[in-house]
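One structure is given here, and the rest of the page talks about it.
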Amino acid sequence: RELIHEDDADHVMFKPNPKSFSSFLVKILRDGVMVARPRMSAPAARDGWSAFHRLVANKALQAQEAAKEGQELRPLVSVVITHYNRPHLLRQALDSMHAQTYSPLEVIVVDDASSPTVGDVNMGEYFAELEASFARDGWRLVRHQGESLYVGGARNLGATYAQGEYIMFMDEDNYAKPEEIATFVKAALGSGSALLTCFVDYFHGVDPPPDPSRHLHPP
């Protein structure tokens, strides 16, 4: 939606459910297809990309200069973790954040409209405990209620609260290796890249990997 002109968005988009989709198809067959305008004009997009590339180039130069002077840049990293109805796995994801070798970092958990209870877990009490521990660490819990935002929307919501220079996205069934964030920061500063990704190891079951620092292989 953020790429479409605000006056056109409601005319070319529909909610992700069968009823909205069928109504949208009927509307197209009746009225024809509307070509939506982009939110950003071509000149503005060109200027924005130019500014972005200048920023990336400057970051790379700063990292190189700092390396020459023997200084270590340690930018704040914001980790956005999305969650829905899997409190047991969320605990493990948070444990992997506490085990990180890198600092400074902040964690933002976005709960995307979880149920009041999950199994034998009262989610209100569960989140109250999380908020108490988060207050000590300077982390944040964002509880979205109502219609689900789905993963993309939940991540976008979490990003609005991020204070870090870099943002890392995780889901509640992810378990970060101890040096994951440190490795990402080193790669980002060394390359000047604004966007990074990596391979993953797969593990199965409800328990965390016995040794997250080791390479795991799917069966």
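The values are calculated or read from the model by the stated rules, or taken from the named source; none is laboratory data. Keep in mind that this is a model prediction, so the values were computed, not measured. As a convention, Cβ positions derive from the backbone with ideal geometry for all residues, glycine included, and neighbour counts pool all protein chains shown. These area figures cover heavy atoms from the full protein model, side chains too; ligands, DNA and RNA do not enter into them. Shrake-Rupley method; radii C 1.70, N 1.55, O 1.52, S 1.80 Å.
Quickly run through the range 132-154 and pick out the residues that are over 26 Å from LEU73 (Cα atoms), of a type in the set (D, E, K, R) and modelled with pLDDT of 95 or more. Listed by number, the list holds a single entry, ARG143.
When the range 1-51 is filtered for residues that are in a loop (DSSP other than H, G, I, E, B), open to solvent by 80 Å² or more (accessible area, probe 1.4 Å), of a type in the set (Asp, Glu) and more than 30 Å from ALA194 (Cα to Cα), only ASP7 remains.
Need pairs with beta-carbon distance below 6 Å; first residue under 13 Å from ASP10 (Cβ atoms) and within the range 21-36, second open to solvent by 80 Å² or more (accessible area, probe 1.4 Å) and of a type outside the set (A, V, I, L, M); sequence gap 6+ or separate chains. So the pair list comes out as PHE24/PHE14; MET34/HIS11. Residues that are of a type outside the set (Phe, Trp, Tyr), surrounded by 12 or more Cβ atoms within 10 Å (Cβ to Cβ) and under 22 Å from THR82 (Cα atoms) within the range 184-207 comprise VAL185, ALA194, LEU196, ASP201, listed in sequence order. Looking only at residues in the range 152-187 that are without any contact (Cβ under 8 Å) to a residue 60 or more places away in the chain and of a type in the set (A, V, I, L, M, F, W, C), the one that is nearest to GLU106 (Cα to Cα) is LEU157. Whenever a residue of the range 41-62 is at pLDDT 80 or above, its partners that are of a type in the set (Gly, Ala, Ser), lying with C-beta atoms within less than 8 angstrom and at least six residues away or across chains, give the pairs PHE52/ALA194; LEU55/ALA194. Filtering the range 129-170 to residues that are part of a loop (DSSP other than H, G, I, E, B) and open to solvent by 30 Å² or more (accessible area, probe 1.4 Å) leaves GLY138, TRP139, GLN145, GLY146, GLU147, SER148, LEU149, GLN163, GLU165.
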